[in-house]
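Asker: I have a structure here, written as C-alpha cells, and I will follow up with some questions on it.
The values are calculated or read from the model by the stated rules, or taken from the named source; none is laboratory data. This is a predicted model, so every value here is computed, not measured. Glycine also receives a Cβ, built like all others from the backbone with ideal geometry; neighbour counts cover every protein chain displayed. Heavy atoms of the whole protein, side chains included, go into the accessibility calculation; ligands, DNA and RNA do not. Shrake-Rupley method; radii C 1.70, N 1.55, O 1.52, S 1.80 Å.
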Amino acid sequence: GMKENAGTFVLQPDKTRPEQPAQDDKQMFDALKARIEGGAPRILAANIHEVDRAGHYGADGEYVADVHVIDENLADFWKWLKTEQADYLKNTLVIVTTDHGRHTIDKPGLEQKWREHGDSCAGCRSQPLMVLGGNIEGGQILEGTWTQREVSSLISGWMEIDQPWSEGLA
C-alpha cells in the first residue's frame, strides 16, 4: 500500500484522447473535486493549463476567452469548496497563480511578442497571485511583484515550516 505521506502524481487524461493530458480545464476541476471527496490531501497542486496553451499557441482572441472560462471555473470551484467542503476549507489555503508572467510590451513592433512569453524578462518573472482560505482576510490587495519564490515561502510560512534558504517573501 501507499504510505500516508507519500506524494502521488495523477495525469488527468483527455476524454477523447486518453494518451494525452486533459485539454479542457473543466476536466481538471472535476478531477480536483473527486480527489478532495476521496480523501482530502494535505497538499494538492493542479496544473490548470488551458489558458497557457492558448497564450502560447491559440488563435487570436482564444487567450482572452479562456481567461473568462477559467475565471468561471475557479469561482464555481471556490463555491463548491465553501458549500460542500466547509470543514476541509477551514484548514485549507487555496493559491491561484500562473507558471510565469507575460512579456511587457514597451517597444513598437512587439505587439505579438507575448506569444513567446516565459523567459526571464521582468514581465515574465512577475505573475498574478490570489490566495483564499486559511485565515486569509478577504479584500486585501498587496502591491508589488510576485514570483514563484513567494508561493513557496507563503506555503511554508502558513504551514509553520522553516525554510532558511528561501529567497521569497515570508
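Asker: Listed residues Ala40, Ala45, Ala59; which is assigned to a loop (DSSP other than H, G, I, E, B), open to solvent by 30 Å² or more (accessible area, probe 1.4 Å) and farther than 26 Å from His100 by Cβ?
Answerer: Answer to the check: Ala40.
Asker: Follow-up question, since we're still on this one. Could you grab the pairs with beta carbons closer than 7 Å, sequence gap of 6+ or different chains, first residue in segment 127-139 and farther than 13 Å from Leu93 by Cα, second one surrounded by fewer than 10 Cβ atoms within 10 Å (Cβ to Cβ) and not small (Gly, Ala, Ser)?
Answerer: No pair meets every condition.
Asker: While we're looking at this one, here's another question. Identify all residues within segment 105-139 that are modelled with pLDDT under 75 and open to solvent by 90 Å² or more (accessible area, probe 1.4 Å); write none if there are none.
Answerer: Across segment 105-139, the qualifying residues are Asp106, Lys107, Pro108, Glu111, Gln112, Glu116, Asn135, Glu137.
Asker: Out of (1) under 30 Å from Arg42 (Cα atoms); (2) at pLDDT 75 or above; (3) open to solvent by 50 Å² or more (accessible area, probe 1.4 Å), what's the single condition that is false for Glu150?
Answerer: (3)
Asker: Do you know which of the residues in segment 86-103 that are under 28 Å from Gly55 (Cα atoms) and touching a Lys or Arg at 6+ places or on another chain (Cβ under 7 Å) is least open to solvent (accessible area, probe 1.4 Å)?
Answerer: Within segment 86-103, the match that is least open to solvent (accessible area, probe 1.4 Å) is Gly101.
Asker: If you take the residues of segment 75-85 that are under 14 Å from the mean Cα position of the chain (by Cα) and either free of Cβ contacts under 8 Å to residues at least 12 places away in the same chain or open to solvent by 40 Å² or more (accessible area, probe 1.4 Å) (or both), which of them is nearest to Leu44 (Cα to Cα)?
Answerer: That would be Trp78.
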